[in-house]
Amino acid sequence: MKTVLYKTDLSPPARAVKMLVYLLGLDIEQRDLNPVLREQDAHELRKKNPMRTVPFIDEGDFSLGDSHAVVLYLLDKYGGPEHEYLYPKDRRKRATVNQILFFDCGILFPRLGAIMGPTFMGEMTEIPKEVVWRIKNAYSIMEGYLSQTTYLAADTMTVADICAYATASSLVGLVPVDEKKYPKLKQWLNTMFEKEFSKKMNEQGCSDHVTYLKLLMEHNKHNQKSKL
Ligand SMILES: N[C@@H](CCC(=O)N[C@@H](CS)C(=O)NCC(=O)O)C(=O)O
């Protein structure tokens, strides 16, 4: 079976996979799943992806969840020598890319998740101060990485930039970046925004994601007031 990507364009990790698919020039089937409606919980899909998240890929006798695992698999399977810059073979360079991939998976995305989860559950009406603080703390970590290299893991763009950008582009729509405090982060965001793959595969989904979250927070506010 050919590779099928389950995704929704609102999802940052799904957008990271879509950007990589575009960069690799892959023509793989993409099927939409709505995580808010819990479509990923359907019995067949649950067996394939016990994590019950989007994105994930399915090849019939093989399936894989988590965008970071997925992009590395797709690179390994379909990437040619011309894509080595995305995930360099050099041990230390690769470890530095992994560091940023784990940062995105373990720190950056969960801090966005701290907004998404409670907002979708109808609980969050505005972003609490401590959540904003943790997001700004993540910005300062990124500023630190970007003070060492032009991109997050190297002086050339790697797959880690793609994953982190998918998350960061949604985050900065909710908690704007102070250019004076984080000039390198702002520059990196601008650079990533201009890339063709991000314009085609990230921009619209990201804008819809941010708008949706803001609207939902307003909606939650009205709902909670009307219950008083
Ligand atoms: N670390 C995972 C996170 C995936 C994730 O949490 N996706 C969200 C949508 S953006 C989801 O499917 N949430 C449903 C749930 O957590 O049950 C990845 O990188 O793929």
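The values are calculated or read from the model by the stated rules, or taken from the named source; none is laboratory data. Just so you know, these numbers come straight off a predicted model, no measurement behind them. Neighbour counts are summed over all protein chains in view; Cβ atoms, including those assigned to glycine, are modelled from backbone coordinates with ideal geometry. Only protein heavy atoms, including side chains, enter the accessible area calculation; ligands, DNA and RNA are left aside. Shrake-Rupley method; radii C 1.70, N 1.55, O 1.52, S 1.80 Å.
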Worksheet, complete the sentence: Compactness summary of the chain: radius of gyration and Dmax from Cα atoms, Å, are 17.7, 62
Fill in: Lys47 - accessible surface, heavy atoms, 1.4 Å probe, Å² rounded to 10
130 Å²
Worksheet, complete the sentence: Output row, site Lys136, 7 Å Cα→C-beta label point, backbone N cut-off 18 Å, window the range 180-220, residues 180-186
Worksheet entry | Segment Gln148-Thr191, length gained on full extension (0.36 nm per residue, minus Cα span) | 13.8 nm
Fill in: Net length gained if the chain between Ser226 and Tyr85 were fully extended (0.36 nm per residue, minus Cα distance)
45.4 nm
Worksheet item: In the range 4-84, what percent of the accessible surface is made up of carbon and sulfur (1.4 Å probe, ligands and nucleic acids excluded)?
Response: 51 percent
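With an 8 Å Cα cut-off and a minimum separation of 6 or more residues, compute the relative contact order for the chain in percent.
Relative CO of the chain lands at 25 percent.
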Practice prompt. Once you have the Kirkwood Rh of the range 47-90 from its Cα pairs, apply Stokes-Einstein at 10 °C and 1.306 mPa s and quote D in µm²/s.
Written response: 138 µm²/s
Fill in: Ellipticity estimate at 222 nm from DSSP helix runs (n ≥ 4, -39,500 (n - 2.57)) divided over the chain, nearest 500
-19000 deg cm²/dmol
Response to the item:
If each part is reduced to its alpha-carbon centroid, the range 147-161 and the range 14-38 end up apart, in Å, by 23 Å
Discussion item. As an exercise, take the mean of 1/r over every pair of distinct alpha carbons in the range 1-135, invert it, and state the Kirkwood radius in angstroms.
Written reply: 16.3 Å
Practice prompt. Answer with one residue from Gln148, Leu72, Ala14: the one whose Cα lies farthest towards the positive end of the charge dipole of the chain, charges on Cβ with Lys, Arg +1 and Asp, Glu -1.
Written response: Gln148
Worksheet item: Taking the Cα atoms of the range 4-84 alone, what are Rg (to one decimal) and Dmax (as a whole number) in Å?
Response: 12.3, 40
Worksheet item: When the accessible area of the range 86-227 is split by element with a 1.4 Å probe, what percent falls to carbon and sulfur?
Response: 54 percent
Worksheet entry | Cα centroid of the range 70-132 to Cα centroid of the range 162-228, whole Å | 15 Å
Item to complete: State the antiparallel share, in %, of DSSP beta bridges confined to the chain, rounding to the nearest 5.
Response: 60 percent
